[in-house]
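A quick write-up on the structure given underneath.
Values quoted throughout were computed directly from the atomic coordinates according to the rules given, and no laboratory measurement underlies them. Model, not experiment: these values are computed from the prediction.
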Amino acid sequence: MKIALVGVSPLHALGLESLIGKTMPSHEVVCSSLSAKEEWQSAECFVVSAPALAACAPFFMPRLSRVLLLTTSPPFSEGGLPCVSPLDTEKSLSDALRSLVQGAASAVPPAHMHPGAKPEMPAASLTPREMDVLQLTVRGASAKEMAAKLGISVNTVLTHRKNIADKLGVHGAPALVYYAMTHKLV
C-alpha cells in the first residue's frame, strides 16, 4: 500500500518514513510537497498537515476516511478526523498509522452526490459574510489577509470567526476546516 506524507515538514517526514519502514516494511512511502500532486494523488492513504488539508480540500474531502491529520493542536472533537502529533510516542504514532492503513484497506469509496443535488447545509445558519470568512479560513488566509480581501477591519474578521465558532460549536482553524469540508461548505 502507498502512504503519502503531504505537506509534512522534512524532519517529521523523515521520522514518519523511518517509523513506517520499521513497523510496516511492505508499504511504500511517498513524501511530497503540495506542488507535486502527481506524486501523492495515487496513494491509498495520506498523512497530511493542516495547511495541506485546507489547501487541497476538494481532493481530500471524498477521502477523509483515508486521512490522518498531523498537527500539534489537540484533537478538536470525538469521532472527528483522526489526529496525531509529531510529539506523540512511537507506539501512539505506530498505532495511528496501522489504524489508518487498516481503515484504508477496508474503506468503501463514498457515494457521489447526484450532479444536480445541493450539498447538505449545516445545522447552524451562517450569514453570507460568515461564509466568506469560513471559506477564506479554509484556504489558510490570515485575519489580516481576509480583512484586506473583504474590505473590513481585522476586528470584524475576528468577530465573524467568533460568531462562526459559536454557531457551529467548533473552535480553532483545524476544526473549522474539518467542519467546512465534512458539510461540503467549500
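Entry note, segment 122-186: relative contact order of 43 percent, from Cα contacts under 8 Å with a spacing of 6+ residues. Would you list, by chain and number, the aspartates and glutamates whose Cα falls below 15 Å from the Cα of K162, excluding same-chain residues fewer than 8 positions away? Filter leaves E130, D132.
With N counted as the residues of segment 2-106, its alpha-carbon radius of gyration over 2.2 N^0.38 Å works out to 0.96. Percent of C-alpha pairs per 10 Å bin in segment 128-182, short distances first: 27, 61, 12.
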